[in-house]
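Asker: Below: one structure in structure tokens.
Just so it is clear, none of the values below were taken in a lab; they were calculated from the coordinates. Here the structure is a predicted model, which means the values were calculated and not measured. FYI the Cβ positions are ideal-geometry reconstructions off the backbone, even for glycines, and counts take in every protein chain you see.
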Amino acid sequence: MSFNPTVDLVAVDAVANDGPTLFLIAGEPSGDALGARLMTAAKRLTGGKVRFVGIGGEKMTAAGLVSLFPMGELTLFGIFELLPHLPNLIRRIDQTVAEIVRLRPDAVVGIDSPGFTLRVAKKVRAAEPAIPLIHYVAPTVWAWKPKRAAKYAAIYDHLLAILPFEPPYFEKEGLACTFVGHSVVEGGAGKGDGAAFRQRHGIGPGERIVAVLPGSRKGEVSRLLPDFRATLDLLRPSHPNLVAVVPTVATVRDRVAAAIADWPVRTLLIEGDAEKYDAFAAAEVALAASGTVALELALARLPTVIAYRLNPVTVALYRRLIRVKYVNLVNLMLNRMLVPELLQQDCRPDRLADELGHLLDEPAARQAQIDGVVEVARWLGQGDTPPSERAARTILDIVAEHRFGRN
């Protein structure tokens, strides 16, 4: 079954009169941010006549969602992180499917987190095939496991892609796919107030700020923070005025706070997007886990070193499937190593300190990164119709077309 959204605002208005219900599912902080922006855009397009149910985190909750259960239960990555929690995840999948069948929403929208959302969608398709199933954030079939495109086409009615080159991979399998742009361009990553941040936290003009971002999953935080601490320890003799600023999220706040308590440089733990973006504006460089935050750093024009480490067995399995040279989307889109990536065995304090020290010591190296991300920002949709509005409009049009088809 496939829906081709062509009704536009007339249909949106018609749907809004009857108040559509959207079941949204996010499984990690990046999806929570996407979901919150999607909710805000849908409310704006319908004049507030839309209802949200499902699973989300603190941002979606703030936007009006009452989560079926805590989203933190789904924030897992890697085989060995997942296995101990598998019985609970299976129970949550069944609970979610039962709630969708009971509510019969106008559409189910899974936001990334395919390990959970895809399984839910498959069961909903079998139980209630008439409910439109939409997935937001296309799987990276261009990077690994290309057969997933056909798998998604067999389950979903529509896919929302965040990168401009993704739709053809799915359209050739018969799945309607709309490029909406990357919602990270809406987050204000390039609009922080660095001077205000320094003043709030008493950071003097001679102190140099390093933004340190260890990730949002428990496993990655636990693996990366010890190396990040050791990196700062190595940099301290040659850069005695460093201040580390560590943005975090609720799911790992306590773990991060405990880990940075004895760091060798002055360290600030901060929360919230506004504070994070102000920190980006105040910082000279960043040390970050691979992920969506790397795009935020690029949009903030903050020179960065990317680091990541997975369980070795997980990596051994993934390496047989991965088809790309880089993990950072900036480098992938440019097809060159603009932002240093230190992964697995290269993710060591000495290597990280060398790369970060190079950026701190060489203004030309910092400027090269700043200049290089301009084109990437345009490809992601910066300066055009907000991606969340495109996504909301597409979803509402699908709902309208489905309703008209039943009448």
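Asker: If I model a spin label at Leu86 and Phe165 as a point 7 Å from the Cα along the Cα→Cβ vector, what separation in nanometres do I get?
Answerer: Roughly 3.6 nm, to one decimal.
Asker: Taking the Cα centre of the chain as the origin and placing charges on Cβ (Lys, Arg +1; Asp, Glu -1), which of Ile55, Leu342, Val285 is farthest toward the positive end of the dipole?
Answerer: Positive-most Cα among the choices belongs to Ile55.
Asker: My understanding is that a pair violates if its Cα-Cα distance is over 19 Å; which of Lys191/Lys276; Lys145/Lys325; Lys59/Lys276; Lys172/Lys325 do that in this structure?
Answerer: Where the Cα-Cα span goes over 19 Å, the pairs concerned are Lys172/Lys325.
Asker: Magnitude of the Cβ-charge dipole of the chain, K/R +1 and D/E -1, about the Cα centre, nearest 20 debye? Don't jump to the answer; show the numbers that get you there.
Answerer: Numbers: 47 positive and 44 negative charges, 211 e Å.
The calculation lands at about 1020 debye.
Asker: Next question, about the same structure. Please compute the contact order of the chain in relative form: average sequence separation of alpha-carbon pairs under 8 Å and at least six residues apart, divided by the residue count, as a percent.
Answerer: About 19 percent, as a whole number.
Asker: Let me ask something else about it. Taking 2.2 N^0.38 Å as the expected size of a compact globular protein, what ratio does the Cα radius of gyration of the range 194-379 give against it, to two decimals?
Answerer: Here the answer is 0.98, to two decimals.
Asker: Roughly how many debye, to the nearest 20, is the charge dipole of the range 194-379 about its Cα centre, given +1 on each Lys and Arg Cβ, -1 on each Asp and Glu Cβ, and no other charges?
Answerer: 560 debye
Asker: If you stretched the chain out fully between Phe69 and Asp94, how much longer would it get, using 0.36 nm times the residue separation minus the C-alpha to C-alpha distance?
Answerer: Working it through step by step, the gained length comes to 7.7 nm.
Asker: Rounded to whole Å and sorted largest first, list the principal axis extents of the Cα atoms in the chain.
Answerer: Principal-axis extents of the Cα atoms in the chain, largest first: 72, 43, 37 Å.
Asker: Work out the FRET efficiency for Ala127 and Ala261 from their Cβ-Cβ distance, taking R0 = 45 Å, and round it to the nearest 0.05.
Answerer: 0.40
Asker: Grab the Cα-Cα distance for Trp379 and Leu103, subtract it from 0.36 nm times how many residues apart they are, and report the gain in nm with one decimal.
Answerer: Values: separation 276, 0.36 × 276 = 99.36 nm, distance 3.80 nm.
The span from Trp379 to Leu103 would gain 95.6 nm if fully extended.
Asker: Starting from the 7 Å offset along Cα-to-Cβ, what nm value, one decimal, do you get for the label separation of Asp233 and Arg253?
Answerer: Spacing of the two 7 Å Cα→Cβ label points: 2.9 nm.
Asker: Also, quick follow-up: Treating only the Cβ atoms of Lys and Arg (+1) and Asp and Glu (-1) as charged, compute the dipole magnitude of the range 135-210 about its Cα centre; round to the nearest 20 debye. Before the final figure, lay out each step's value.
Answerer: Details: 9 positive and 7 negative charges, 59 e Å.
I would put it at about 280 debye.
Asker: Please tell me the relative contact order of the range 194-379 in percent, rounded to the nearest whole number, where contacts are Cα pairs under 8 Å and at least six residues apart. Intermediate results must be reported in sequence, preceding the final value.
Answerer: On the way: 294 pairs, mean separation 44.0, N = 186.
24 percent.
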